[in-house]
Structure formats: C-alpha cells, structure tokens
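One structure is given below, encoded as structure tokens.
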C-alpha cells in the first residue's frame, strides 16, 4: 500500500522482525515451471522430491520483482515507486549473477504485473536452487529478510497441493538461505532484520525462497552514512552482498526442486 511498508510483519500479525546485534555484522558469509494452477491448486507429477542438476549445468536463481503495472507498491518518495525500484534492483542483480556464471530467471522485465500464481508457476518451472522476491519500503533501515511462516512439511509426491502451502517442504532450507544472506549483508556492514511472513508468491515457491525488502540506510554504525533508498552506491552494496550469498548458496546446494 502506498505510504506504508510493503511487508509489515508486526502490524499484520505474520511474524516479528528480529534485529541482529552489531557483532553479527562483522561475520563473514559462509552458508547462502507452463503455469500449473487451477483454483489455487498446483498439479504435481509423480516425483516432486529434490533432484540433482545435470552435471555442468549452471545453477538457476529466480528473481521476482514485486508489483508492476497498475500495482505500484509503496510510494518511496514523491517521484519513486516501489515497482520501479525493485525492477531496477532485479536487473542489476541479474547482471551480477550472470556475470558469475549463474542462470537467472526473472518473473518480469518491464512494467507488468503477473499474477502471484503466474510468478510462482514460472519460478517453479525453472527448478531453481533459490528464489528471491524483491520488495522495497520507506520504513526502517537497511535490508529486511523474510521467509515463509509455513512450517516444514514432507514433500507431496503426486496429486494436488494448494499453492498456499506448496513451499512448506522447503521451509527449513529457506531459513538457511535467509541466514546466509544475512551473513553476507553483515560482512558488508549493512544492517538487516530477519522475520517470517505469509506472502504470495513466497508460500507457493517450491525451492528455498526469501523475500528481500530494501529500506533506506539510516544507521550510522560501522562507518555507514545515511543513504537514500535510490542511492546507487548503497544499492550496489546490497546487490553485491546478495550476489555473493547466492553464489555461495548455489555452490553448496547443487540441487533443484523437481516439478
């Protein structure tokens, strides 16, 4: 909603943000499909377990720039809409990842607004090693990292599974991915918070998935100076940290979600 944080766990009762102590900031980074949907159900084939990627295949990461089209997202400033900023971030991060040899799928490349099911369908078709949903907010400081609040569940191997809980088998891995991203941000001396949330399409992504919400930099710790959310250097630090985390993650988790 314009003028309000795009993801507000505390107000909506989805979860709580957990701030990390400054000491965490100094830790180095260590750890980091056609749409099939009808009435909110995904059709799964007989095998929906984790499958190894073909030898030599580049790891795939999906980037989902939130909002688009008539859905503008948050009004970040008098001339800056969330939908535009997160699209720019998606393009920058895609470039950083492809330069490192990774295969990147984006759910939108222009001012369009695919449905949540379409976004999830495209992401799941790609059988990615990780998915990152990009949001922005005028509230808070630094980077807010969210995972689905779904509880870990055994994979459904065939039949129908609701989109709203399709990501449950990846809940634990999503928490690990969030931890790795937070470590990379900490190594870059960028403040972050961690939280859990019920959010489309996050809950429907059949892979380790996180939502990354970028806020202005207000903290002055660790040599940081306040930076506007559209500051190119500040965005560059975030993109570099996310790229490093995803490169580490895909190197250590060379498996994909079978569809």
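A few remarks follow.
- On the basis of the beta-carbon distance and an R0 of 30 Å, residue 189 and residue 91 show a calculated FRET efficiency of 0.75.
- Between residue 172 and residue 231, residue separation times 0.36 nm minus the direct Cα-Cα distance comes to 17.9 nm.
- Full-extension gain in nm, residue 218 to residue 154, via 0.36 nm per residue minus C-alpha separation: 18.9 nm
- Longest to shortest principal axis, alpha-carbon extents of segment 118-198, angstrom: 45, 23, 21
- Mean separation of Cα contacts under 8 Å (6+ apart) over length of segment 83-225, as relative contact order %: 34 percent
- Computed over the alpha-carbon pairs of segment 150-259, the distance histogram in 5 Å steps reads 2, 11, 20, 19, 17, 13, 9, 5, 3, 1, 0 percent, short to long.
- Residue order, fewest to most surrounding Cβ atoms within 10 angstrom, among 70, 149: 70, 149
- Additional length obtainable on full extension of the chain from residue 77 to residue 58, 0.36 nm per residue less Cα span: 3.0 nm
- Between the C-alpha center of segment 126-152 and that of segment 71-112 there is a gap of 14 Å.
- Cα gyration tensor of segment 72-144 - equivalent ellipsoid semi-axes, whole Å, descending: 23, 15, 12
- Residue order, fewest to most surrounding Cβ atoms within 10 angstrom, among 103, 144: 103, 144
Just so you know, all these numbers are worked out from the coordinates, no wet-lab data involved. This one's a predicted model, so the numbers in the text were calculated from it and none came from an experiment. Counting neighbours? That spans all protein chains shown, and the Cβs are built from the backbone with ideal geometry, glycine included.
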